[in-house]
Amino acid sequence: MWKAFGEWKSSLKDMFGDILTPELEAKVKHNRAIVEYCDDPEAFEKLAGHSIDLMVTTEKINEFRQRYSHIRVYHGCRPIDVQSYYEKGLLLCDMNALVDRFREIFLSGDYPELTEEILQKSIKEAAPYSVGRDGESCLHIDDRFLVEYCGHYLIYGSEYLSGLINHLPIENAKKDQYLFALREIGKPTFLEINLPNTTEYIEDGIIYQIIQEMLTGWTFCLAHSRTESCLFDCTFTLNKPLLPKHICSHYHPRKITDTGYKIYDAETGEYEDVA
């Protein structure tokens, strides 16, 4: 689990035992003032005398795969029935199915001002922002990052559905009403997933990024006596469905940051005043 520094600290030291020595640990702690950022390699490279780019070789990537059979990742969603994931697994985005879902919710007669013609205009307007997303599904290594910066997945469910609303050729006040309707369906949910650490699911480039972040995170956590890692923006894109056996558990986050840094309370369905 990425956010638990203590869970991967020793493994990283084993991988780079010739560099991450007790002497370097003491040096990092003594020079904490220069370790300002958790994702900046400069402090590590200055203190260790090694380039992170040169340290993360193909051999280290292969060793990482051998050490970890899977990587704990998260999928943010707003399902009506979370048990369906345990039965069917994680399916890929199907935009045609989502358009049908839009029709089911908004063209059912409850919103007579919305028509198929208006929906088709929205589909056309939203198209440039949806390129490449059909037939994919995204996972993230850090649930905290999703809560802080990508809360719309949890608050509204499908990004494409909320995108169709935002591109409707109507006034914004009405759009807010339709977005509210999405917030009335399902419940914000994180799926906790053990993603197989194989090239079938995770490219070498992602492993390279993770090891780099581990090295800079190691430096920052040591320097500032942290037990929890810093936020990490690392996305895994699936191009094939994930079997149910890989879904471990789920939970429902309560406080979620929405667009514009408003705080949404999933228990009350209201927004907190952050002023």
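The values are calculated or read from the model by the stated rules, or taken from the named source; none is laboratory data. As the structure is a prediction and not an experimental result, all values here were calculated from the model. Neighbour counts are summed over all protein chains in view; Cβ atoms, including those assigned to glycine, are modelled from backbone coordinates with ideal geometry.
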Hey, among K174, K255, which residue is of a type in the set (D, E, K, R), in contact (Cβ under 8 Å) with a residue 60 or more places away in the chain, under 22 Å from S130 (Cβ atoms) and not assigned by TED's automatic domain parsing to the domain that holds L54?
K174
Could you tell me how many of the residues in region 248-275 are over 17 Å from R78 (Cα atoms) and in a loop (DSSP other than H, G, I, E, B)?
6
Among residues of region 219-238, those that are surrounded by fewer than 12 Cβ atoms within 10 Å (Cβ to Cβ) and out of contact with any Phe, Trp or Tyr (no Cβ under 9 Å at 6 or more places or on another chain), counted
1
Kindly establish whether E203 is on the phi < 0 side of the Ramachandran plot, surrounded by fewer than 22 Cβ atoms within 10 Å (Cβ to Cβ), free of Cβ contacts under 8 Å to residues at least 12 places away in the same chain and not small (G, A, S).
yes
Selected residue (criterion: surrounded by the most Cβ atoms within 10 Å (Cβ to Cβ)) from residues of region 54-64 that are without any contact (Cβ under 8 Å) to a residue 12 or more places away in the chain and not hydroxyl-bearing (S, T, Y)
N62
Considering K240, K245, which residue is more than 15 Å from I141 (Cα to Cα) and assigned to a loop (DSSP other than H, G, I, E, B)?
K240
Being of a type outside the set (D, E), under 30 Å from T189 (Cα atoms) and not in a helix (DSSP H, G or I): is that true of W8 here?
no
In this structure, does R144 turn out to be surrounded by 16 or more Cβ atoms within 10 Å (Cβ to Cβ), of a type in the set (K, R) and in contact (Cβ under 8 Å) with a residue 60 or more places away in the chain?
yes
For the condition without any contact (Cβ under 8 Å) to a residue 40 or more places away in the chain and buried (at least 16 other Cβ atoms within 10 Å of the Cβ), what is the one hit in S130, S84, S122, S51?
S130
Positions within region 87-105 being under 26 Å from L179 (Cβ atoms) and in contact (Cβ under 8 Å) with a residue 60 or more places away in the chain, in sequence order:
L90, L91, L92, C93, M95, L98, V99, R101, F102, I105
For region 134-147, does any single residue satisfy the condition of being within 17 Å of the chain's Cα centre (by Cα), among the aromatic types (F, W, Y) and under 16 Å from L92 (Cα atoms)?
no
Pairs only if they're at least six apart or on different chains, beta carbon under 7 angstrom, first in region 8-33 and surrounded by fewer than 18 Cβ atoms within 10 Å (Cβ to Cβ) and of a type in the set (A, V, I, L, M, F, W, C), second modelled with pLDDT of 95 or more and not in a helix (DSSP H, G or I); list them, first residue then second.
I19/H50
Scanning region 93-111 for residues that are surrounded by 15 or more Cβ atoms within 10 Å (Cβ to Cβ) and of a type in the set (A, V, I, L, M) gives M95, L98, V99, I105, L107
Evaluate the following for V56: is it closer than 30 Å to K13 by Cα, at pLDDT 95 or above and within 21 Å of the chain's Cα centre (by Cα)?
no
Boolean, I71 is closer than 30 Å to D18 by Cβ, in a strand (DSSP E or B) and at pLDDT 95 or above:
yes
For E45, work out the one condition from (1) more than 30 Å from P196 (Cα to Cα); (2) surrounded by fewer than 16 Cβ atoms within 10 Å (Cβ to Cβ); (3) not hydrophobic (A, V, I, L, M, F, W, C) it doesn't fulfil.
(2)
